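Working notes for the structure below.
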Amino acid sequence: MAALCVLVRAVASVYPAYMRQGSPQHLGGAGKWNTEGVLLDESQAKGEIDLHSVFGNTRPVELEIGSGKGTFILERAASRPEVNLLGLEYAGAYCRYAADRVRRAGLVNVRLLIAEAGRFVTERLPDASLTAVHIYFPDPWPKRRHHRRRLIQRPFVRQLRRVLAPGGQLLIVTDHLGYFMHIRRVLDGAEGFARIVLPRMTDATGQIVGTNFERKYIAQGRAFYSIARLRYV
Ligand SMILES: C[S@@+](CC[C@H](N)C(=O)[O-])C[C@H]1O[C@@H](n2cnc3c(N)ncnc32)[C@H](O)[C@@H]1O
């Protein structure tokens, strides 16, 4: 019994809170959702991705990292049909669920990928290929010994700058004050970014960006911290 308790505690310390509260597995396996035309099969892909052929046009591309169940990307894509939206999510169950939602909504300007963002951005995205990067409620990894797992780190921010076109925007919202201060420190030390105010993207019900986690956190009365930067030449 004692050994079981130690194991449970060890697992709980490794997985972030959102996984402990409701694992994506409850959404079901791969066969449950129809992801056709939305979810990209990148299992064998290598080298730079050709975004024009992925979307079948040359419109501007915005990236969302950690798109979860897809609430933001759906709203954004519906309100900006002139823009292509690419969503990265490493939890396969969330990504497939989101892809099915996008397909049912009939949105043709969204593609989703099951991928780890650090690797995908670094290895697959061409220079200056994006007009915006959205990162909403990234996992904060609050324990000091887990801070190195945080997504926003100096080398990754250099990659984000590389893939943003001049004038492109990096938009981040978190509910975690410690992570916010870390992100601000990293961005203030990064070259090639100017500070801007987070543009208002949804105005329905007073939300800033309109993600699933945002809705949940509004109901809990939590504070949000936003950071936005513009890539200059
Ligand atoms: C706290 S949730 C927020 C989801 C969504 N943005 C929202 O606000 O509702 C963080 C999401 O980012 C995903 N994620 C975390 N790190 C990631 C990474 N390195 N690459 C891709 N997805 C990641 C998680 O699987 C999870 O779905």
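The values are calculated or read from the model by the stated rules, or taken from the named source; none is laboratory data. Remember, predicted model here, so these are calculated numbers, not experimental data. Cβ coordinates were reconstructed from backbone atoms using ideal geometry, including for glycine residues, and neighbour counts include every protein chain displayed.
Key figures
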quantity	calculated
Residue that is surrounded by the fewest Cβ atoms within 10 Å (Cβ to Cβ) [pool: residues in segment 105-123 that are part of a helix (DSSP H, G or I) and within 16 Å of the chain's Cα centre (by Cα)]	Arg119
Where a residue in segment 84-98 is part of a helix (DSSP H, G or I) and its partner, wherever it lies, is among the hydrophobic types (A, V, I, L, M, F, W, C) and at pLDDT 95 or above, with Cβ under 6 Å and at least six apart	Gly92/Ile114; Cys95/Leu112; Cys95/Ile114; Ala98/Leu112
Long-range neighbours under 7 Å by Cβ, at least six apart or interchain, first residue over 19 Å from Leu170 (Cβ atoms) and away from the ligand (no atom under 16 Å from the Cβ) within segment 54-68, second small (Gly, Ala, Ser) and outside any strand (DSSP E or B)	none
Test: Val157 is under 15 Å from the mean Cα position of the chain (by Cα), modelled with pLDDT of 95 or more and β-branched (Val, Ile, Thr)	yes
Qualifying residue in segment 131-148 (condition: part of a strand (DSSP E or B), more than 9 Å from the ligand (Cβ to nearest atom) and either under 18 Å from Gly189 (Cβ atoms) or not hydroxyl-bearing (Ser, Thr, Tyr) (or both))	yes
Condition met for Arg195 (assigned to a strand (DSSP E or B), at pLDDT 95 or above and loosely packed, with under 13 Cβ neighbours inside 10 Å)	yes
Candidates Tyr97, Tyr90, filtered to the one that is of a type in the set (Phe, Trp, Tyr), more than 9 Å from the ligand (Cβ to nearest atom) and within 16 Å of the chain's Cα centre (by Cα)	Tyr97
Options Ile172, Ile114: the member that is within 11 Å of the ligand (Cβ to nearest atom) and more than 30 Å from Gly29 (Cβ to Cβ)	Ile172
Tabulated pairs, segment 14-43, first closer than 20 Å to Arg149 by Cβ, second at pLDDT below 70 and more than 13 Å from the ligand (Cβ to nearest atom), C-beta under 8 angstrom, 6+ apart or interchain	Arg20/Ala12
Selected residue (only one of Arg195, Arg222, Arg184 is more than 16 Å from the ligand (Cβ to nearest atom) and either within 23 Å of Ile73 (Cα to Cα) or in contact with a Leu (Cβ under 9 Å, 6 or more places away or on another chain) (or both))	Arg195
Among (1) in contact with a Lys or Arg (Cβ under 9 Å, 6 or more places away or on another chain); (2) within 12 Å of the ligand (Cβ to nearest atom) - the single one Leu125 does not satisfy	(2)
Any hit, segment 51-70, residues being surrounded by 22 or more Cβ atoms within 10 Å (Cβ to Cβ) and of a type in the set (D, E, K, R)	yes
Residue check, Gly87 at pLDDT 95 or above and within 21 Å of Lys46 (Cα to Cα)	yes
